[in-house]
Protein chains: 2
Amino acid sequence: MLGVSFLEALAAAVPPGRIFRDADIMAAHARDQAAWAPAGRPVALVRPQNPEQVRAVVAACAEHRVPVVTRGAGTGLSGGANAVDGCVLLALDGMDRILEVDEAEQLAVVQPGVVNDHLRAAAAERGLWYPPDPASSPWSTIGGNAATNAGGVCCVKYGVTRDYVLGMQVVTGMGELVRVGRRTRKGVAGYDLAGLFVGSEGTLGVITEVTVRLLRLPEGPPKTVVGAFGSLVAAGRAVAATAAAGITPSALELVDRYCLRAVDDWKNMGLADLGNVLLLGRVDTGDEEAAALRACFDEAGATWSTRSTDAEEAEALFSARRLAYPALERLGPVLTEDVCVPRGLVPEMLARIEAHAKAHAVHIANIAHAGDGNLHPLIVVPEGDDEARGRAQAAFEAILDDAVALGGTVTGEHGVGLLKKRGMRAELGEDVLTLHRAIKAALDPAGIFNPGKII
Amino acid sequence: MLGVSFLEALAAAVPPGRIFRDADIMAAHARDQAAWAPAGRPVALVRPQNPEQVRAVVAACAEHRVPVVTRGAGTGLSGGANAVDGCVLLALDGMDRILEVDEAEQLAVVQPGVVNDHLRAAAAERGLWYPPDPASSPWSTIGGNAATNAGGVCCVKYGVTRDYVLGMQVVTGMGELVRVGRRTRKGVAGYDLAGLFVGSEGTLGVITEVTVRLLRLPEGPPKTVVGAFGSLVAAGRAVAATAAAGITPSALELVDRYCLRAVDDWKNMGLADLGNVLLLGRVDTGDEEAAALRACFDEAGATWSTRSTDAEEAEALFSARRLAYPALERLGPVLTEDVCVPRGLVPEMLARIEAHAKAHAVHIANIAHAGDGNLHPLIVVPEGDDEARGRAQAAFEAILDDAVALGGTVTGEHGVGLLKKRGMRAELGEDVLTLHRAIKAALDPAGIFNPGKII
């Protein structure tokens with residue numbers, strides 16, 4: 001049990017009204033979107049208003065050895081933001097100010113609770129662009145994106161969150177507020193601590209401010225190229241052909257027949273009539289590259305293809321990708337995979353996923369950032385069927401092992417959280433885990449930051 | 001003094017003939033190109049042939065608490081590879097095999113001693129490109145480039161070494177050979193240890209293999225745009241105008257009149273007749289962007305400008321940049337700066353550098369990766385003039401402080417090594433240094449890796 005002294009220390013750290021201990025309110029904030037991951041019981045939810053209050057909360061927790069689980073919008077898919085027993089939930093979504101957008105230096109400084117799409121909109125007003133675009137961009141926060149090194153659709157050409165984070169302000173395990181990284185385009189003064197915090201999922205400290213690099217907003221709308229294929233393997237061939245042809249699309253997404261049907265059943269869009277598998281491509285260079293991408297699709301055996309310059313039509317086609325996950329969730333609990341394999345092995349990995357679906361008697365739908373080799377098999381089971389749930393979990397782990405066997409990784413962009421801990425151990429091996437534990441102990445000596453996550 | 005037992009352990013770690021204790025041979029390998037940085041006396045030079053031998057050497061050193069100073073080609077400019085007293089110099093330039101160039105995955109796996117230009121050539125044979133291009137690329141090694149997070153001319157558009165390192169094999173402070181990072185395009189399984197080793201200057205472990213991402217080789221030769229300006233400030237205005245116009249050159253280099261005259265005195269090229277300051281730009285997109293870049297130069301007050309499609313002429317103009325450093329070295333010892341400031345503050349920083357030259361009565365020439373805000377003031381003093389040397393060192397430190405005061409960094413790409421230790425402390429502050437020390441102690445518990453460098 002928590003002593004009164006901790007609650008007093010916590011109360012002293014933030015103004016009145018920022019601490020919530022109501023069971024329902026805490027429960028509503030005790031997990032992210034990884035429905036299959038366990039969540040513990042927090043002791044309090046705290047909503048600080050500024051970095052100094054975050055620092056004071058962390059200092060109180062460090063002194064009393066109380067776990068700190070930081071959360072943004074709670075859109076994670078690995079359980080990284082799930083409460084652990086007795087923790088303080090540190091909700092930063094209220095720290096949502098865009099502090100600066102500097103046109104000349106092409107950078108922005110934001111509080112961690114700024115929503116991804118809000119930053120993109122603020123940048124666009126100045127002709128600038130923040131590329132990382134996770135599917136959660138309408139809701140997820142930059143702090144959470146940085147903590148998980150979020151990816152997205154345009155990564156295939158423009159990279160992931162880590163490629164845009166220049167610097168950060170963080171609260172350390174010593175309870176201090178420090179700045180790591182930089183504002184300049186280049187810099188090698190000391191270790192890349194900002195890069196280390198990116199993707200550390202709240203286990204090394206609390207991010208209280210992020211400085212991101214921005215690009216110029218691309219001119220004109222992208223060209224959309226869509227191909228329909230008879231099989232996953234044929235679509236996989238088209239992806240490989242695209243890479244071999246030296247084409248760099250700004251998106252190359254795969255959606256399979258399970259997803260198409262689920263979207264059709266929900267929205268009656270007739271997507272499944274187009275073919276068994278869709279490849280959705282975007283090109284933000286010239287018409288030539290768009291034509292070359294379509295030619296790759298056709299030569300790989302597309303049963304149908306189109307090239308659209310109409311924004312509305314393009315949006316409708318890409319909605320197949322966007323709606324797939326919610327459409328599948330209507331059918332039952334979804335267990336989301338996030339493996340990434342060498343691009344040339346996408347067809348092989350897709351074939352193995354199909355085999356696992358058969359072997360474990362579960363439905364596995366596939367969406368994928370195909371151009372990156374980042375696959376999102378979605379395992380769907382009937383609501384309330386515990387036996388199917390067990391089979392789904394077995395298939396989930398088998399897919400992770402196959403990704404590792406193919407030279408890939410158990411998580412391309414969602415993070416380790418709770419769901420990928422066994423898979424990550426299998427991928428990294430004991431020696432590399434030892435390095436992780438050493439770094440964790442060095443930066444979080446009290447062991448308070450998101451304990452039990454990642455390692 | 002070293003016990004016989006250590007030398008026996010060292011002898012057991014590598015085959016006969018790989019250990020050198022001759023004083024002249026050791027002295028020849030005891031420093032990098034930072035002539036002004038101190039170097040200690042090594043106890044042995046070891047030239048391992050493979051990662052396992054490196055591991056065995058490190059294990060012997062860890063057991064006997066003998067410092068390990070790793071070196072590639074020794075082209076560093078901060079003293080990072082300089083010997084410390086009683087160290088083993090671990091020379092990896094002989095481990096120079098390109099293990100793999102994978103066209104489909106667009107990556108290469110190389111031993112640390114592979115020379116940058118050799119990797120570029122091997123990639124080019126497959127239509128691929130390794131962008132990071134430090135001025136030392138004909139000699140410097142990928143291991144050294146990774147250890148220092150080397151930059152170069154094309155960073156302004158294509159990023160630095162960190163942006164291309166996917167994974168590594170390293171020997172840890174526990175004397176183990178481990179793999180960190182990945183081969184896939186994306187991956188977030190655990191902390192970004194590969195990124196942490198990049199730029200750690202040999203203080204956290206020994207890099208025994210590097211996996212780098214490659215791009216497609218750009219089509220056709222780049223367009224070269226050169227402008228001459230009456231003053232550093234006018235050239236600085238042109239740089240700011242380029243950024244404001246949304247132009248992304250693949251190189252934007254500044255060379256001042258001191259450098260132009262030094263090159264002329266050596267090679268009789270007539271460069272100084274073109275103007276006081278040259279801006280050398282490259283564009284690897286269309287003719288439109290080249291025209292826009294030239295327009296920026298002209299509108300900012302260029303006294304002369306040209307746009308060349310002739311490879312030979314372009315090469316001659318860019319040689320002003322390449323030859324500047326050796327030309328200045330002919331005039332006396334050169335102390336090389338490497339500050340990086342926000343791009344908009346380049347004119348201000350150049351003005352402050354001029355003021356410091358005057359105040360300290362030293363010659364300061366300037367070359368700069370102007371598009372990045374990364375300036376290389378070169379302080380030249382007469383050979384053997386100790387008093388001038390003292391003034392140069394005072395100017396050097398004053399310039400570092402000004403870079404920090406302008407929100408910049410003391411090192412954009414050369415690294416901290418020995419020369420920037422005070423500057424880095426001023427830049428990062430005690431709290432952030434504490435984090436550095438904690439990480440160093442965690443990954444190098446015996447304290448054997450390049451002690452006294454960075455921290």
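Read-outs throughout are calculated quantities, based only on the coordinates presented, and are distinct from any laboratory measurement. This is a predicted model, so every value here is computed, not measured. Methodologically, a virtual Cβ is constructed for each residue, glycine included, from the backbone with ideal geometry; neighbour enumeration extends over all protein chains shown.
Obtain the radius of gyration and the Kirkwood radius of segment A:332-445 from its C-alpha atoms and give Rg over Rh.
Rounded to two decimals, Rg over Rh is 1.02.
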Inset, instruction - Mind putting a number on the dipole of the protein assembly as shown about its Cα centre? Charges go on the C-beta only, +1 for Lys and Arg and -1 for Asp and Glu, and I need it in Debye to the nearest 20. - result: 1460
Inset, instruction - Round to the nearest 10 and give me the degree value, 0 to 90, for the angle of helix B:421-443's Cα axis relative to the longest principal axis of chain B. - result: 30
Inset, instruction - Give me the orientation-averaged projected area of the Cα convex hull of chain A, in nm², one decimal. - result: 21.6
Inset, instruction - Using a/c under 1.5 as the rounded threshold, could you call segment B:219-330 rounded, prolate or oblate? The axes a ≥ b ≥ c are square roots of the C-alpha gyration tensor eigenvalues, and prolate needs a/b larger than b/c, oblate otherwise. - result: oblate
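With +1 on the Cβ of every Lys and Arg and -1 on the Cβ of every Asp and Glu, and nothing else charged, how large is the dipole of chain B about its Cα centre, in debye rounded to the nearest 20?
For this selection, approximately 840 debye.
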Inset, instruction - Could I have the simple spin-label model distance between residue A:267 and residue A:316, label points 7 Å from Cα toward Cβ, reported in nm to one decimal? - result: 1.1
Legend entry - Rounded to whole Hz, the Karplus (6.51, -1.76, 1.60) HN-Hα couplings of segment B:193-209, x for glycine and proline: 5, 4, x, 5, 5, 5, x, 8, 6, x, 8, 10, x, 10, 7, 10, 6
Inset, instruction - Report P(r) for segment B:250-315: all Cα-Cα distances, bin width 5 Å, range 0 to the bin holding the largest distance, values in whole percent. - result: 4, 16, 24, 26, 18, 9, 3, 0
Inset, instruction - Return the ratio Rg/(2.2 N^0.38 Å) for the protein assembly as shown, where Rg is computed over Cα atoms only. - result: 0.95
Inset, instruction - Would you please calculate the Kirkwood hydrodynamic radius of segment A:4-91 over all C-alpha pairs and express it in Å, rounded to one decimal? - result: 12.9
Legend entry - Other-copy label distances relative to residue A:117, 7 angstrom Cα-Cβ extension, nm: 5.2
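Could you calculate the FRET efficiency of residue A:85 with residue A:437 from 1/(1 + (r/R0)^6), where r is the beta carbon distance between them and R0 is 25 Å, rounded to 0.05?
Computed FRET efficiency for residue A:85 and residue A:437 comes out at 0.70.
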Inset, instruction - Between copies, how far apart are the residue B:265 label points? List them in nm, one decimal, shortest first, with each point 7 Å from Cα toward Cβ, please? - result: 8.1
Inset, instruction - Kindly express, to the nearest 10 degrees and within the range 0 to 90, the angle between helix A:4-13's C-alpha long axis and the longest C-alpha principal axis of chain A. - result: 70
Legend entry - Rounded to whole Hz, the Karplus (6.51, -1.76, 1.60) HN-Hα couplings of segment B:356-368, x for glycine and proline: 5, 4, 5, 4, 9, 6, 10, 7, 10, 8, 10, 10, 7
Inset, instruction - Would you mind checking the tilt of helix B:311-329 against the longest principal axis of the Cα atoms of chain B, expressed as 0 to 90 degrees and rounded to 10? - result: 60
Legend entry - Charged-residue dipole, Cβ positions (Lys, Arg, Asp, Glu), segment B:219-330 about Cα centre, Debye nearest 20: 400
Legend entry - J(HN,Hα) series, segment B:53-64, from Karplus relation 6.51 cos²θ - 1.76 cosθ + 1.60, nearest Hz, glycine and proline x: 5, 4, 4, 5, 5, 4, 4, 4, 5, 5, 4, 9
Legend entry - Estimated D of segment A:98-216 in µm² per second, where Rh is the Kirkwood radius over Cα pairs and Stokes-Einstein applies at 37 °C, 0.692 mPa s: 234
Legend entry - Inter-copy label distances at residue B:358 (7 Å, Cα→Cβ; nm, one decimal): 8.1
Legend entry - For residues of A:368-376, the mean tally of beta carbons on other chains within 10 Å: 2
